[in-house]
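The values are calculated or read from the model by the stated rules, or taken from the named source; none is laboratory data. This structure is a prediction, so every number in the text was calculated from the model and none was measured. As a convention, Cβ positions derive from the backbone with ideal geometry for all residues, glycine included, and neighbour counts pool all protein chains shown. Protein only, heavy atoms only, side chains kept; ligands, DNA and RNA dropped before computing areas. Shrake-Rupley method; radii C 1.70, N 1.55, O 1.52, S 1.80 Å.
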Amino acid sequence: MNKMKKIFLGTLLLIIILAVIAFIMNINTSSKNENETRLLFSNNYMSAALEEEETIPFNIFALNDPDSQKNFDSEAVADVSLNNENIEIVDYTIDAGMTDEGYQLINFILTLTVNGDEIEKAETLSLFFEDGETLTYDIGEVVLTTYSVTEDLEQVGENTIAYPEPSLDVHLENTRHQAIELISISDTGEVLSYDFNQHETIAADETYHLVIDSLHTEKMYDFYTLTPLLTYEMGEERKSYVMDPVLYGSLDQDEVKVRKILSHNGITIQED
């Protein structure tokens, strides 16, 4: 056997070996994908300051991927957790909603509390199934902490809880016999903000109708759940008032939710 023939046969053998390895890997990958539940999650933002042992509900929307060979079954979920042991899921429910373009809308409703007095963050949600399968998904960002109650201000009357976009429409009562000067609005994770350029004032014992058409958004998310933090001054002292929780985008029509989630996952649906 001449030298050129040996080189040819050796190269051919190497190609065959690599092809066999690639085939085996492809089989293993396909088998894994077929047996795995696939969900497409929305990009969410939760930012809240809570009293000690206080809880807050958090809606996380996802889509059941129709290309998955194993459909998502909420009854098969044995437990859920976030990637921070100091953010505790006190309770949870999983609701299946409408189907659009083959994608079924799933709503994970988590009741959260935070342990300790530090700012705690989480970015992923893990689902533990009864058959031993565990899946972990990126869900955006969760930022929770505790706070001490201030009694200078109180929300009264009718206040808007859910909005299509980051904004505010609330009534604030100054419970003190001293004027309060409004400085700014932010949140625990510093994603939303607003500055009162004119430093608006709530007179002593008066109620103030606060309307902000648009809050500045440092990062864009599909859905927001947060407690706005109002920074104010009373005399020479600067304080923060934790407002009631608000939702942005969570009451969108289901079709809009589906499109948002698909867009976040890089999937485009052609409209008729």
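From zero outward in steps of 5 Å, how is the percent of C-alpha pairs of the stretch 53-186 spread across the bins?
For the stretch 53-186, the pair-distance distribution reads 2, 8, 13, 17, 16, 14, 11, 8, 5, 4, 2, 1, 0, 0.
Per 0.36 nm of contour for each residue apart, how much would the distance between E158 and H199 grow if the chain were fully extended, relative to their Cα-Cα spacing?
12.4 nm
For Q178 and E218, what does the FRET efficiency come to when R0 = 22 Å and r is the distance between their Cβ atoms, rounded to the nearest 0.05? Numbers along the way, then the final one.
Numbers: r = 33 Å, r/R0 = 1.49.
Calculated value: 0.10.
In square angstrom, rounded to the nearest 10, how much accessible surface does K219 have for a 1.4 Å probe?
Probe radius 1.4 Å; accessible area of K219 about 100 Å².
If each of V211 and I267 carries a label point 7 Å out from its Cα toward its Cβ, how far apart are those two points in nm?
Taking the two extended label points, one gets 4.0 nm.
Would you mind counting up the charge near E85? Only other residues with Cβ under 15 Å from its Cβ, with Lys and Arg at +1 and Asp and Glu at -1. Present the calculation step by step, with values, prior to reporting the outcome.
Numbers: positive: K121; negative: D79, E88, E118, E120, E123.
After counting each charged neighbour, the total is -4.
Divide the volume of the convex hull of the Cα atoms of the stretch 75-118 by its number of residues and quote the answer in cubic angstrom per residue.
Numbers: hull volume 4.5 nm³, N = 44.
Given the Cα convex hull of the stretch 75-118, per-residue volume reads 102 Å³.
Enter the accessible area per residue of the stretch 80-180 (Å², integer; probe 1.4 Å; all protein chains in place).
Numbers: 4990 Å² over 101 residues.
Here the per-residue accessible area is 49 Å².
Could you tally the net charge around T175, taking each other residue with its Cβ under 15 Å from the Cβ of T175, Lys/Arg +1 and Asp/Glu -1?
Local net charge: -4.
Of the GluC sites (Glu not before Pro) in the stretch 47-102, which ones lie in a loop per DSSP and count no more than 12 other C-beta atoms within 10 Å?
For GluC sites (Glu not before Pro) across the stretch 47-102 that sit outside H, G, I, E and B with at most 12 neighbouring Cβ atoms in 10 Å, the list reads E51, E53, E85.
Quick one: length gained pulling A78 to E101 fully straight, 0.36 nm per residue minus the C-alpha distance?
Result for the pair: 5.4 nm of gain on full extension.
Sort 91-99, 243-251, 169-177 for me by packing, meaning the mean count of neighbouring Cβ atoms within 10 Å per residue, highest on top.
With the highest mean Cβ count within 10 Å placed first, the list reads 243-251, 169-177, 91-99.
Taking the Cβ of P245 as the center, what net charge do the other residues with Cβ under 14 Å away carry, scoring Lys and Arg +1 and Asp and Glu -1?
Details: positive: none; negative: E51, E54, D187, D244.
Residues close to P245 contribute a combined charge of -4.
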